Amino acid sequence: MKNEKKMSYMQKSGIYILLVENKRLFCHALLWGIPFAISCVLGWRLVHEGTIFGGGGSAAAYVGSFLLSLLETAILSVPAAALAAVFMRGGKTSDTAAGEMCAVSGKAQTKHASNTVTGEGVAVSGKAQERRRPAWQAWLFYSLLIFLCRMPVFLAYYPSVFAYDAEGQLYQVLAGDYSTHHPLLHTLFLGAFFRLGIACGSVSAGMAVHSVVQMALMACAFGWAVSFLYQRQISGRVRAALLLFFAVFPANSVLALSTTKDVLFAAFVLLYTLYLYRIVCSQNPEDGQRAVVREGEKAGGKEMAACVFWAVLMLLFRNNAVYAFVVSAPIVYIGLGGRTRRHYLYMTLLTLVLYGACAFSLKAVTHAQNGSPREMLSVPLQQMARTRVEAEEEIDPSIRQELEKYIPSEWVFAAYNPHLADPVKSRAVIHDDPAGLIRTWIKLGLAHPAIYIDAFLDNSLGLWYLWDTSHAQVYGIGTESGFGYLSTDNRVMPAGFEVEERSLLPGLRVFMERIVSDNAYSRIPVVRLLFAPALYWWLLYLYLVTAFYRRKYRETLPIVFLTAYCLTLLLSPTVLARYIYPLMVTIPVILPCLAPDGE
């Protein structure tokens, strides 16, 4: 009897279906489980030992460390793959159960067809259709609900979360001396409300208007995303969970008031991805199957125009988005076929032309100067600095002499931070001889490849290691400083142009600050994972693997840009929640679209 219960439990578990029931599922689940296990092993070693290569110095020590890593990866891969397998099967735990569901579904369809002939099914279908609201009503309801849920947080942080790059951008507005270091369109957008406040005699009032407008824009974008799932008839429980996430999740609530460019950029990425999904996945189905086009989902000229519009705004709001778009466009084009491929080509060319025209016009009108190229050298400079810090005495004297020109020893040992490139990047001397710096970087890397690998992984740790905490304290931590998971510090402006904090709900502000500045969320076991940037990175990868397992290859195309954008973050100066924010708000919407019909 006990053995029968044990066998029954195993049959319901993900491990049983992974190891016994479905060999194809086994292979695809391991495609997710093995990389995830590797990230856990390497991340733990990097955090606790400072290197992924183990210690000891001897060849035997390195071999032993490598074999131990392989063993740990093999052990972790199975439960990780089993967890992925449950999602990849849509929550079902056996082929038998799936077969029964298909049989029931088939009977139901047959009965429905029969009833339709006799006139019985028409009435039922009509009543069901009456119960469904038009998509615009669902969008309006969701948007208003999200906006109203944000109002208390707005009052708590009144007039705005004046943080991140706001100070530098508005100095450009005051001086009339613009730079492409930050996206010009966002600088002008932010500056418009700043000038409005100056004209009204209160800069704080102008920034309060900015907060309300941005809150409304974000609420409309998120409301449209939930209504997108409503049109696809995704489960009401899934929509309710997503609505709750958009409305009250602290990162969404606080960032909606923030002056950083990443907020609106995230909304544009979300809308572009969903419109592209409708265009790519709602027509010209694969394998000769009939397309399932739900209410309001069939893509036409309006959808294509909207997709181009959001794509242009997306590119204008983030400099590295342009690189991701250029890389992703050929991949999507190759993956399409027929008329959709031709339409996508026209859309892509029009997007690039409009973006180029807008970017050129903005630069010409503002007489903006080009940004510094040192932003692209964050990782190389980190690698060179780490080599000096960890192996100064082992560096060849001739190379050390070259290094001294770019990263002098007088400050590098104190400035180097393994998780933040800014201290090294801002002091490095690169303008006189950038080609020489690259040559020195290559020679040093060939001599110390292990340190280069550690430096790269440490700098991007928060993107791929689920239990990383460095991303939430890279600039500091604490309510007094306003630094932590998010930056809520009030940036200093010149006299007469200050943005004065005046919380209208101080108790709520204290509570929110405990979460986003004191990082109190990190003490809640499961909830803390929702704040981790790496969670959304791994959910994106889970989406890709699941789509391949279910042979929904076309549904991978709308997230190619998102994947390319995330890869560009590996070269960023650090890992911050705002950098990963586009993925954080998009993947929870696109993931349920993989669910089988009716789920």
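The values are calculated or read from the model by the stated rules, or taken from the named source; none is laboratory data. As the structure is a computational prediction, the values presented were derived from the model and not from experiment. Counting neighbours? That spans all protein chains shown, and the Cβs are built from the backbone with ideal geometry, glycine included. Surface areas here come from the heavy atoms of the whole protein model, side chains and all, with no ligands, DNA or RNA. Shrake-Rupley method; radii C 1.70, N 1.55, O 1.52, S 1.80 Å.
Applying the condition of being open to solvent by 60 Å² or more (accessible area, probe 1.4 Å) and in a loop (DSSP other than H, G, I, E, B) to region 500-512 and asking which residue is farthest from VAL153 (Cα to Cα) yields GLU500. Selection of helices (runs of 4 or more DSSP H) fully inside region 528-599 by the criterion of at least 1 residues being polar (S, T, N, Q) and either touching a residue at least 24 places away in the same chain (Cβ under 8 Å) or open to solvent by less than 30 Å² (accessible area, probe 1.4 Å) (or both) returns 533-549, 560-568, 581-590. When restricted to residues that are in contact (Cβ under 8 Å) with a residue 60 or more places away in the chain, closer than 15 Å to ALA385 by Cβ, open to solvent by less than 50 Å² (accessible area, probe 1.4 Å) and of a type outside the set (A, V, I, L, M), region 414-461 contains 9. Each residue in region 481-499 was checked for being closer than 25 Å to GLY462 by Cα, aromatic (Phe, Trp, Tyr) and open to solvent by 40 Å² or more (accessible area, probe 1.4 Å), and 1 pass.
Does region 353-371 contain any residue that is closer than 30 Å to LEU444 by Cβ, in contact (Cβ under 8 Å) with a residue 12 or more places away in the chain and open to solvent by 10 Å² or more (accessible area, probe 1.4 Å)? Yes - at least one qualifying residue is present in region 353-371.
Restricting the first member to region 46-68 and to residues that are at pLDDT 85 or above, and the second to residues that are small (Gly, Ala, Ser) and exposed (fewer than 13 other Cβ atoms within 10 Å of the Cβ), the beta-carbon pairs closer than 9 Å and six or more apart or on different chains are GLU49/GLY55.
Grab the helices (runs of 4 or more DSSP H) fully contained in region 392-452, keeping just those with 3 or more residues being farther than 19 Å from GLY50 by Cβ and not basic (Lys, Arg). Full working, then the answer.
Values: elements: 397-406, 409-415, 422-427, 434-447.
By residue number, 397-406, 409-415, 434-447.
Suppose the filter is assigned to a helix (DSSP H, G or I), at pLDDT 95 or above and not hydrophobic (A, V, I, L, M, F, W, C); does ASP468 pass it? No. State yes or no: is LEU174 open to solvent by 40 Å² or more (accessible area, probe 1.4 Å) and modelled with pLDDT of 95 or more? The answer is no for LEU174.
Against the condition closer than 18 Å to GLN473 by Cα, modelled with pLDDT of 95 or more and open to solvent by less than 50 Å² (accessible area, probe 1.4 Å), how does ILE515 come out, does it pass? In short, yes. The residues of region 351-396 that are within 19 Å of ARG318 (Cβ to Cβ), at pLDDT 90 or above and of a type in the set (Lys, Arg) amount to a single one, LYS363. In this entry, VAL545 is excluded by the filter for residues that are modelled with pLDDT under 95, of a type in the set (A, V, I, L, M) and within 22 Å of the chain's Cα centre (by Cα).
For VAL353, the conditions (1) touching a His at 6+ places or on another chain (Cβ under 9 Å); (2) over 30 Å from ILE438 (Cα atoms) all hold with the exception of (1).
If only residues of region 396-413 that are closer than 22 Å to PHE456 by Cβ and open to solvent by 60 Å² or more (accessible area, probe 1.4 Å) are counted, the one that is farthest from the chain's Cα centre (by Cα) is ASP396. For GLU375, the requirement of being out of contact with any helix residue (DSSP H, G or I) (no Cβ under 7 Å at 6 or more places or on another chain) and in contact (Cβ under 8 Å) with a residue 60 or more places away in the chain is met.
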